[in-house]
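Notes for the one structure printed next.
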Amino acid sequence: MMVDYLALWRAMLIIGVFSYALWKESPYFRFCEHAFLGSALGYTLVITIKTINTTAVFPLVSEAKIIYVIPIILGIVLFLRYSNSTKWISRWPIALIIGVGTALGMRGVLYAYIISQVKATATASFMTDNALTNFNNIISVLTTILVLLFFTFTVLKGEKEGSLMFQLRKISRLMIMLTLGAFFGSITMARLTLIAGQIKELLIAFGLLTS
Amino acid sequence: MEVRSKESSGFWEKLENIDHRILYWILIVAIAIPYLRPLGIPVPVTEPVQDFYNTLDALPPGSTMILEISSGPSAYGEIGPSSEAVMEYLTKIYPEHHGGDRLRFVILSVSEQGPLMYNAYAKPKFDETGWQYGVDYAYFGFISGLETAVARLAEDIPSLLPSDYLGNDIDDLKAMDGIHSYKDIAAVMVWDSMGATEWYVKHWASKGVKVGNVCVAVSLPAYTMYYKNKDMYGFIGSSRGGAEFEYLIGKPGDAVATTDTLSLSHLWVIILIITGNIGLLVEKYFSHSKR
């Protein structure tokens with residue numbers, strides 16, 4: 001029978017990481033943790049250097065595209081923040097990065113976060129053939145209105161307990177809690193799936209399961 | 001009455017102070033059991049997964065898709081099985097449905113970990129099914145720039161992708177013939193664990209290109225919103241979505257097995273939540289009655 005040494009090595013690392021929760025912090029756990037961080041950082045460093053080479057250095061050197069001097073200089077300038085006397089210069093490339101990023105982000109934000117959302121809410125149909133869809137659409141529109149109401153502080157300022165607005169805000173809070181609960185449920189599912197993937201690796205490594 | 005209240009609160013107190021390691025061990029066992037003895041819990045296909053499948057199947061053969069691989073090994077457990085199922089469909093089942101004709105793929109990664117997933121899931125499947133590199137698909141590796149890159153890609157593909165990850169010029173790749181901007185792309189599919197889908201929705205869906213994804217569970221609420229708005233044609237959420245897709249293509253596999261483990265482990269989590277809440281209420285009740 002051939003031994004899959006790579007799978008065994010993986011299994012040892014997985015057990016090491018799990019040992020923190022299942023047993024206690026130990027030098028073995030620390031080793032696995034550092035091995036993980038080291039390999040991830042090493043990989044990222046190599047990819048970053050390769051990217052700088054292919055996107056900036058190569059076009060500058062081989063294709064004589066002088067314009068690429070500018071991003072290279074701006075990139076180097078970022079490192080000036082490690083000295084107090086030159087720190088201020090590094091703010092220029094950061095300002096450029098944030099400026100371009102924000103401008104670009106804003107262009108899409110209007111569509112994705114505002115126009116599209118408003119359109120979908122306003123045109124939601126309650127009369128489709130699917131009863132569940134109708135119900136979902138009603139919930140969606142109601143939640144939108146109620147949550148907007150919840151965050152409209154100025155209009156509701158001074159509302160008395162027992163008034164209609166006060167009661168509506170109570171329902172709004174419930175809606176927000178339900179939404180956050182759904183987020184929490186998704187996160188739980190994500191984390192459990194991650195553990196499941198690793199348990200499967202362990203079962204395969206120890207020959208209890210075929211891949 | 002006082003004696004009984006002491007006993008009751010003592011029980012809940014003990015339960016509250018139970019060693020967390022015992023709970024984790026039970027969780028591990030709950031996850032492992034279904035792998036060794038599958039439960040076969042039925043998985044009904046949800047709308048987003050059905051629409052994902054229908055949209056891909058309706059694409060005319062020869063259309064070009066962008067396959068954005070922006071997930072890494074940390075999402076392997078969630079996205080891995082679904083990605084495998086999607087590749088199985090794209091390389092084998094789609095051609096079967098369309099008289100042997102294929103789709104074309106432009107593949108890239110805005111995450112530096114994407115190339116790892118490409119090598120783990122996409123490339124082996126292309127090789128196994130005899131797809132020709134450069135003709136049926138082209139891979140451009142990691143593209144830096146995050147959202148800026150995605151926005152630029154929509155406007156001018158050749159300027160952002162002048163050569164593939166092997167260094168071949170874009171003009172030498174048949175798969176890139178006639179591909180200049182979003183107008184030449186039939187649909188986008190993102191394997192997503194970092195939120196890149198949102199950038200594609202902003203800069204591609206807003207121009208009318210269909211966007212879909214294979215994503216981690218934590219992003220599901222956000223993508224459901226885009227799906228409802230019809231900015232996304234569908235999505236496969238985590239291994240549960242993958243299980244649905246596996247059933248759709250008639251090949252139950254890893255995702256179905258993982259879904260069984262999720263069901264049992266969730267049951268354990270639910271038991272803990274309920275027990276914790278009962279404990280809290282009991283504690284509140286007794287502390288109140290003491291006063």
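Taken together, the values in this text are just the output of simple stated rules run on the coordinates, not laboratory data. If you're wondering where the values come from, they're calculated on a predicted model, not measured in any experiment. Here the Cβ is made from the backbone with ideal geometry for all residues, glycine too, and neighbour counts use every protein chain on show.
Cross-link partners among aspartates and glutamates for residue B:284, C-alpha distance below 16 Å, same-chain residues fewer than 8 apart left out?
Here the aspartates and glutamates satisfying the reach criterion relative to residue B:284 are B:2, B:7, B:13, B:16.
Is it possible to state the helix-based mean residue ellipticity at 222 nm for the protein assembly as shown, with each DSSP H run of 4+ residues giving -39500 (n - 2.57), the sum divided by total residues, to the nearest 500 deg cm²/dmol? What is it?
My calculation for the protein assembly as shown gives -19000 deg cm²/dmol from helical runs alone.
So if I place +1 on the C-beta of Lys and Arg and -1 on the C-beta of Asp and Glu, and nothing else carries charge, what would the dipole magnitude of the protein assembly as shown be about its Cα centre? I want it in debye, nearest 20.
Computed charge dipole of the protein assembly as shown: roughly 1920 debye.
Evaluate the relative contact order of the range A:130-205 (contact order divided by residue number), counting alpha-carbon pairs under 8 angstrom at least 6 apart; express in whole percent.
Answer for the range A:130-205 is 27 percent.
Measure out, as a whole number of angstrom, how far apart the alpha-carbon centroids of the range B:64-84 and the range A:27-56 sit.
For the range B:64-84 versus the range A:27-56, the Cα centre distance is 20 Å.
Near residue A:12, within a Cβ-to-Cβ distance under 15 Å, what is the net charge of the other residues, with Lys and Arg +1 and Asp and Glu -1? List each step's numbers first, then the result.
Numbers: positive: A:10, A:30; negative: A:4, A:33, A:201.
That sum, taken over residues with Cβ under 15 Å, equals -1.
Residue B:202: which aspartates and glutamates have alpha carbons under 20 Å from its alpha carbon, excluding same-chain residues fewer than 8 sequence positions away?
The qualifying aspartates and glutamates are B:68, B:147, B:155, B:156, B:184, B:192, B:231.
So for A:24, B:230, fewest C-beta neighbours within 10 Å to most, what's the order?
A:24, B:230
Quote the charge dipole size of chain B about the Cα centre in Debye, to the nearest 20; the model charges only the Cβ of Lys and Arg (+1) and of Asp and Glu (-1). Intermediate results must be reported in sequence, preceding the final value.
Details: 23 positive and 35 negative charges, 241 e Å.
It comes to approximately 1160 debye.
Using the Cα gyration tensor of chain B, with a ≥ b ≥ c the square roots of its eigenvalues, what is the shape: rounded (a/c below 1.5), prolate (a/b larger than b/c) or oblate (neither)?
It comes out prolate by the Cα gyration axes.
With 22 Å as the limit, write out which pairs from B:123/B:174; A:119/B:183; B:210/B:251; A:200/B:251; A:119/B:210 have Cα-Cα distances beyond it, or answer none. Can you show the working numbers first?
Details: B:123/B:174 18 Å; A:119/B:183 24 Å; B:210/B:251 26 Å; A:200/B:251 19 Å; A:119/B:210 18 Å.
Too far apart for the 22 Å limit: A:119/B:183; B:210/B:251.
What relative contact order, as a whole-number percentage, does the range A:53-116 give when Cα pairs under 8 Å and 6 or more residues apart are counted?
This gives 17 percent for the range A:53-116.
Of B:93, B:115, B:20, which is farthest towards the positive pole of chain B's charge dipole, taken about the Cα centre with +1 and -1 on the beta-carbons of Lys, Arg and Asp, Glu respectively?
Going by the Cα projections, it comes out as B:20.
Decide, for chain A, between rounded, prolate and oblate: order the square roots of the alpha carbon gyration tensor eigenvalues as a ≥ b ≥ c, take rounded if a/c falls under 1.5, and otherwise choose prolate if a/b is larger than b/c, else oblate.
oblate
In degrees, nearest 10, range 0 to 90: what is the angle between the Cα axis of helix B:2-16 and the longest Cα principal axis of chain B?
The angle comes out at about 30 degrees.
Tally Lys/Arg at +1 and Asp/Glu at -1 over every other residue whose Cβ is under 15 Å from the Cβ of residue A:203; what's the total?
-1
Normalising by the residue count of chain B, find the relative contact order in percent from Cα pairs under 8 Å and 6+ residues apart. Mind dumping the intermediate values first?
Working: 454 pairs, mean separation 75.3, N = 291.
Relative CO of chain B lands at 26 percent.
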